[in-house]
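Just so you know, all these numbers are worked out from the coordinates, no wet-lab data involved. Computed from a predicted model, the values in this text were never measured in an experiment. Ideal geometry is used to build each Cβ from the backbone, glycine not excepted, and the neighbour counts take in all protein chains shown.
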Amino acid sequence: MLKKIITNNHDILILFIFIYSFNLLFYKLINYQSMKTLIKSLAMLVILLGISGCEGLRDDAYIEIKLLNNSMDPVHLWVDNTESIDPSNRVNPGLNRTVTVKPVEFTTTIIVFAGRNGETLTSTSFEANMGAKVKVIFDGYSLSAF
């Protein structure tokens, strides 16, 4: 469980502060009833952290999608449910843009679109797990995910 919670230096610092605070409280508490309440509270905190998986702190809780335009003309490349066709996602030939998606489930289906002049040209869908880095290439006719 600690491997799942501790993923970077920030998490280690938080754990250190947590343990230090616990030690201070332990030495300050004198009667048995207060200690019993403290231990129950800490147990509930550990259970809550375990259930949530601390995904807000984890780097692998996101899916990174690199969208590459390998065609001869500019094209809009966007990810469904996070964006729509607009000037901010226009990609010139040979260039790319990166989109980060926070999925609701560990494995999720991602749909990527390519469009031009306000119309969708093509789309592709693929499944990805949290922490995945996917490259999607538009070749002028279709989208391919790798």
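Within the set of other residues whose C-beta is less than 15 Å from the C-beta of residue 97, count the net charge using Lys and Arg as +1 and Asp and Glu as -1. Spelling it out: positives minus negatives among the neighbours equals +1. Quick one: go through region 116-132 and flag any residue whose amide nitrogen is under 19 Å from the point 7 Å out along the Cα-to-Cβ line of residue 107. Hits in region 116-132 for residue 107 at 19 Å: 125-132. With each label modelled as a point 7 angstrom along the Cα→C-beta vector, the residue 37-residue 82 pair spans 4.6 nm. A protection proxy built from the mean count of other Cβ atoms within 10 Å ranks the segments 98-105, 84-91, most packed first, as 84-91, 98-105.
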